[in-house]
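Derivation of every value follows stated rules applied to the coordinates shown; laboratory data play no part. Note that the structure is a prediction, hence the values are computed from the model and not measured. Don't worry about glycine lacking a Cβ; one is built from the backbone with ideal geometry, like all the others, and counts go over all protein chains shown.
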Amino acid sequence: MIPSVLPTYNRAPLSFVKGEGSWLIEADGRRFLDMGAGIAVNALGHANSDLIEALTEQAGKLWHTSNLYQIPEQQALADKLVDATFADTVFFTNSGTESCELAVKMARKYFYEKGEPERIGIIAFEGAFHGRSHAAIAAAGSEKMVKGFGPVLPGFTQVAWGDHDGLHAAIDETTAAILIEPVQGEGGIRPLPDQCLKGLRDLCDEKGILLILDEVQCGMGRTGKLFAHEWAGVDPDIMMVAKGIGGGFPLGAVLATEDAASGMTAGTHGSTYGGNPLACAVGARVMDIVSDPDFLQSVNEKAGRLRQGLEGLVASHPKVFDHVRGSGLMLGLKCKVPAADVVGAAYDAQMITVPAADDVVRLLPPLNLSDDEVTEALARLETAAVQIETSQDS
């Protein structure tokens, strides 16, 4: 008999009932150190007092009116994002998947309005993850994502990660945009080197196509800058944002230049809940905190300590771990054993991690975790590694 919750997830046998900062409390009372943050969503931890204040204050005023009317909280958050980024305009969504849908529509509509309707092609990269909608799975292109879901939405091409010749060969007169994550998340924490992102920007300018960045997982301070592309000193034309922007409240956005967004006029796109007062009140508070230079400096300092400790862990347990990869507090442990084994052993050590492709275990903690929690995370990973080594020897 099918369960009442559609069984599309292979869930761990854990039921968390409360969160406190970087900690989750299981129904049986056990405390787990959360180094996954809801897959990079709870950027400021659980039950953050600033976000609770913003949400409850707004909840006592107004929840929803729809986008038929002006929404002051939406305007305030849009202004903060425009002031802090390359963007001239913002559309609010509820998720990263919805942001992907609009980014694709925006790129295609741009060329349609320029008199080039044949330019619908989106070039993406193997190992990518952009969501679960038809456009998003077509962009990823993997059999795992598209199998069984009927005709794949046309107009998408995948290039191998790091294949410069393949990328150039994929561009033709129908290409509208290149879509890429500056740091692949689901694909195994694979950062795009700064010089490659600069090269993509130059290539798009040379060919007259748009650059779309997916910063759903790597954005909002995760890499130690507000957005990961800032490390390379380049700007996209369109950017997808979600996850950390709401600090745990469902919120996403598409940021764009005035030129890239020029085709999106009244009636071309919409959302019932996108940009609602509750989400935007929380998002504005997240922006105030995460965009502060002192906060971002603290992210980089904690990331340095965590990475140094992880390098030591790899050296101490060469049968379990291969190397560390990633940027800021978006780190991955490439494992020599199945990543699921490490995730399971971490559960036993009462710590949450997140698996990814290529047998990588993701560490995506709250950005405001303490130094003591960094130390505790390393100790619990050490315990997990010893457990795995003991099982190998038995």
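Excluding ALA169 itself, what net charge comes from residues whose Cβ is under 14 Å from its Cβ, given Lys and Arg +1 and Asp and Glu -1? It would help to have the intermediate numbers written out before the result.
Working: positive: LYS207; negative: ASP163, ASP165, ASP172, GLU173.
Net of charged neighbours comes to -3.
Estimated at 0.36 nm per residue, the fully extended path between ALA12 and GLN392 surpasses their Cα-Cα distance by 134.5 nm. Here the translational diffusion coefficient of the chain follows from Stokes-Einstein with Rh set to the Kirkwood radius across Cα pairs; for 4 °C and 1.567 mPa s it amounts to 60 µm²/s. Of all aspartates and glutamates in the structure, those lying under 19 Å Cα to Cα from LYS61, and not within fewer than 8 positions of it along the same chain, are ASP50, GLU53, GLU73.
Over the chain, what is the relative contact order in whole percent, taking alpha-carbon pairs under 8 Å and six or more residues apart? Write out the running numbers ahead of the final one.
Numbers: 799 pairs, mean separation 90.4, N = 394.
Across the chain, relative contact order equals 23 percent.
Dipole check for the chain: with +1 at the C-beta of Lys and Arg, -1 at the C-beta of Asp and Glu, and the Cα centre as origin, the magnitude is about 800 Debye.
Compared with the alpha-carbon gap, the fully stretched path from ALA84 to LYS147 is longer by 18.7 nm at 0.36 nm per residue. Here the gap between ALA315 and ALA170, fully extended at 0.36 nm per residue and compared with their Cα-Cα distance, gives a gain of 48.1 nm.
Once the mean 1/r over all distinct Cα pairs of segment 149-260 is inverted, what Kirkwood radius in angstroms do you read off? Intermediate values should be presented prior to the final figure.
Values: mean 1/r = 0.0668 Å⁻¹.
For segment 149-260, the Kirkwood estimate is 15.0 Å.
All other residues whose Cβ lies under 14 angstrom from that of ASP50 are scored, Lys and Arg at +1 and Asp and Glu at -1, for a net of -3.
Calculate the translational D of segment 138-193 in whole µm² s⁻¹ from Stokes-Einstein, where the hydrodynamic radius comes from the Kirkwood formula applied to all Cα pairs, the temperature is 25 °C and the viscosity 0.890 mPa s. Working shown, then result.
Details: Rh = 12.9 Å.
It diffuses with D of about 190 µm²/s by this estimate.
Listed by chain and number, the lysines placed with their C-alpha closer than 23 angstrom to that of LYS225 are LYS80, LYS198, LYS243, LYS302; residues fewer than eight positions away on the same chain are left out.
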